[in-house]
Amino acid sequence: MESDLEGTWSLILGSSAGMGRACALALARAGSNILGVHFDTAARQAAVDELVGELEVLGVQVRFFNENAASDAVRERVVAEAVKVAGPDGLRVVLHSLAFGSLVRYLPSPDEPEPVITKAQLTMTMDVMAHSLVYWVQDLFAAGLLPTGSNVFAMTSAGPARYAAHYGAISASKSLLEAHVRQLALEAAPYGVAVNAVRAGMTLTESFLRVPESPVLSERGRLLNPHGRLTTPEDVAEALLVLARSRSSWLTGNVIGVDGGEILTV
């Protein structure tokens with residue numbers, strides 16, 4: 001069942017760059033107001049201001065919070081703002097696109113010993129990139145912001161099936177995130193709320209480029225992808241927009257690949 005996004009509200013966690021930025025723009029072009037949470041330094045403020053300007057030019061309302069989305073206090077403030085601006089209609093789309101985790105190896109390299117991951121780093125990675133999805137959905141649901149027809153999306157990757165030396169904690173967090181998506185889909189189904197993970201292909205986002213192996217991985221992905229190129233944030237945003245237009249909760253609990261067939265060959 002298709003439905004117009006005009007005048008709805010979308011919450012994007014990780015809204016200032018990469019997938020979150022592209023999805024914010026796509027949803028705004030479709031008429032959805034944007035409530036965004038991002039965590040940026042002063043050096044990136046100009047880029048964030050530019051994005052807000054682009055969104056406002058599209059004629060939608062915009063509320064951005066430059067704060068840590070994994071913080072309980074921040075979540076409480078943003079949920080309160082969502083209640084105020086979205087009102088009884090609640091949120092049409094929630095996108096969890098938080099990309100902040102440890103890129104430290106589990107064991108030292110035989111060629112070049114280096115620090116190994118700590119308990120604190122592992123815990124932080126799981127909390128930000130996986131557990132926070134559950135906490136946000138719980139609080140949004142309790143506030144009446146996830147009515148029938150809402151869509152919750154979580155950005156995942158090929159991490160649960162593909163590994164690199166510095167990507168271990170991220171891989172583990174994505175596996176955990178997908179498990180949370182399935183459980184939330186099960187429990188949200190009676191309320192008519194869909195919960196899905198979107199598995200993007202290799203994309204040259206800032207977070208991906210921080211992975212030490214990214215040059216080798218991206219070149220391999222470019223050569224082997226059936227489309228002959230890497231995924232872009234706009235590819236992902238286009239697919240998410242198609243899914244977001246539906247109020248049906250029958251497509252739920254899935255890991256939806258948006259990678260141009262990359263998973264088939266890489």
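Laboratory data are not the source of any read-out in this text; all were calculated from the coordinates shown. Because the structure is a prediction, the values reported are computed rather than measured. So basically every Cβ, Gly included, is an ideal-geometry build from the backbone, and we count neighbours across all protein chains shown.
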With θ set to phi - 60° and the Karplus curve 6.51 cos²θ - 1.76 cosθ + 1.60, what are the ³J(HN,Hα) couplings of segment 132-149 in order, to the nearest whole Hz, using x for Gly and Pro? 4, 4, 4, 5, 5, 5, 4, 6, 5, 5, 4, 7, x, 9, 10, x, 3, x
Given unit charges at Cβ for Lys, Arg (+) and Asp, Glu (-), the dipole magnitude of the chain about its Cα centre in debye, nearest 20, is 400 debye
Percent of Cα-Cα pairs per 5 Å bin, from 0 to the last occupied bin, for segment 136-204, please list those. 3, 16, 24, 21, 13, 11, 8, 3, 0
Centre separation in Å (Cα based) which lies between segment 163-219 and segment 1-71: 20 Å
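Most exposed first by the Cβ proxy, i.e. fewest other Cβ within 10 Å, how do Arg75, Arg222 rank?
Details: Arg75 21, Arg222 16.
If I rank by nearby Cβ atoms, fewest first, I get Arg222, Arg75.
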The ³J(HN,Hα) series, computed from each phi in segment 251-256 with the Karplus coefficients 6.51, -1.76 and 1.60 at θ = phi - 60°, rounded to the nearest Hz and given as x for glycine or proline, is 9, 8, x, 9, 10, 9
With the charge dipole of the chain built from beta-carbon charges (+1 for Lys and Arg, -1 for Asp and Glu) about the Cα centre, the Cα from Leu184, Leu58, Ala30 projecting farthest to the positive end belongs to Leu184
Looking at the chain only, what percent of DSSP beta bridges run antiparallel? Nearest 5 please. 5 percent
Using alpha carbons only, how many degrees (0 to 90, rounded to 10) separate the axis of helix 72-86 from the longest principal axis of the chain? 40 degrees
Could you state the angle between the C-alpha long axis of helix 45-57 and the longest principal axis of the C-alpha atoms of the chain, as a value from 0 to 90 degrees rounded to the nearest 10? 40 degrees
Mean projection of the alpha-carbon convex hull of the chain over all orientations, in nm²? 14.2 nm²
Can you list the HN-Hα couplings for segment 15-29, worked out from phi with the Karplus curve (6.51, -1.76, 1.60; θ = phi - 60°), rounded to whole Hz and with x for Gly and Pro? 8, 8, 8, x, 4, x, 4, 4, 5, 4, 5, 5, 5, 5, 4
